[in-house]
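Okay, so here's the structure we're looking at.
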Amino acid sequence: RHHFFHWPLEFPDVFAGNAQGFSATVGNPPWDTVKPLTLEFYAEFDPNFRTYDRQEAVRAAEKLKENPAIALRWHDYERLFTEQGEYFAQPVAIPALGKGDINTFKLFLNQFFLLLSPMGRMAILVPSGIYTDEGCKPLREMFFRDSRIESLYSFENRWPEVFPAVDNRFKFTTFCTAKGDKTSSFKCAFMQHDPVRLPVIEASAATVTLEQVARFSPSALSLMEFNSQTAVDVTAKAYDLWPLFGTKIRG
């Protein structure tokens, strides 16, 4: 019923013997959440559903559910997401899901990494939450611990607008890492605008160490948005000179 995709059965040459996975995974996964979408569901039965305000939509949905066939389909639709959520919450399935909404980009980050061979490389385009959100902390811990992060470049969706369907204030990130090693430092750049300039961005990118990440954000391991190597170095110096907020010191 769920049409599960079994990777080792579909790609026996990739997972059999000593191969143990793909040499590389690359992509731009959907940026969505695993939850029922009323608008998506009921628009199939009412072509005007997308034009309704919230109260009108609720009334229209209740009216549509008076049809037993539609009510049954809605029940099955909701159950599908419940079952997905229960599956994704299993550490064996998704080891670094994290708290909060089940974002599809987090699922793909997990899956892209799990499908790699022991020395494989991953390149993925995801929202900026990968380096800021509390719910992505398990992912950051996994990548710091089990891979050698090579680069993390964050872009605003304007000047030019790369994704027309996405708000131009939204930030997205190109993230590259290599499995089978630990991260000691990595290149990063923030508030960029044109992916075509990537060679220039890489040439002037700042380098942040894992020690600095842990120093700047000990509880969440989130990243500050630095605009230069000088900014990284000055911040590191400031953190060395003064205690963190909340640190108890003797008077």
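Some observations on this one:
- Of all residues in segment 1-40, those being at pLDDT 95 or above, among the β-branched types (Val, Ile, Thr) and closer than 26 Å to residue 89 by Cβ number 1.
- Considering segment 169-193, the residues that are part of a loop (DSSP other than H, G, I, E, B) and within 18 Å of the chain's Cα centre (by Cα) include one that is farthest from residue 26 (Cα to Cα), namely 169.
Rundown of residues vs (1) open to solvent by 10 Å² or more (accessible area, probe 1.4 Å); (2) free of Cβ contacts under 8 Å to residues at least 40 places away in the same chain; (3) of a type in the set (D, E, K, R); (4) under 14 Å from residue 26 (Cβ atoms), yes/no style:
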residue: 96; (1), (2), (3), (4): no, no, no, no
residue: 107; (1), (2), (3), (4): yes, no, no, no
residue: 119; (1), (2), (3), (4): yes, no, no, no
residue: 141; (1), (2), (3), (4): yes, no, yes, no
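- Scan segment 146-165 for residues that are closer than 14 Å to residue 131 by Cβ and small (Gly, Ala, Ser) and the total you get is 2.
- Residue identified as of a type outside the set (Phe, Trp, Tyr), within 24 Å of residue 111 (Cα to Cα), open to solvent by 20 Å² or more (accessible area, probe 1.4 Å) and not in a loop (DSSP other than H, G, I, E, B) among 150, 211: 150
- Which listed residue is surrounded by 14 or more Cβ atoms within 10 Å (Cβ to Cβ), over 25 Å from residue 135 (Cβ atoms) and in contact with a helix residue (DSSP H, G or I) (Cβ under 7 Å, 6 or more places away or on another chain), from 220, 205, 236: 236
- Summed over segment 145-194, the residues that are touching a Pro at 6+ places or on another chain (Cβ under 8 Å) and more than 22 Å from residue 227 (Cβ to Cβ) give a count of 2.
The values are calculated or read from the model by the stated rules, or taken from the named source; none is laboratory data. What you see is a predicted model; the values in this text were computed from it and never measured. When we count neighbours, we look across all protein chains shown, and the Cβ atoms used for this are built from the backbone with ideal geometry, even at glycine. To get the accessible areas, we keep the full protein, side chains included, count just its heavy atoms, and leave off ligands, DNA and RNA. Shrake-Rupley method; radii C 1.70, N 1.55, O 1.52, S 1.80 Å.
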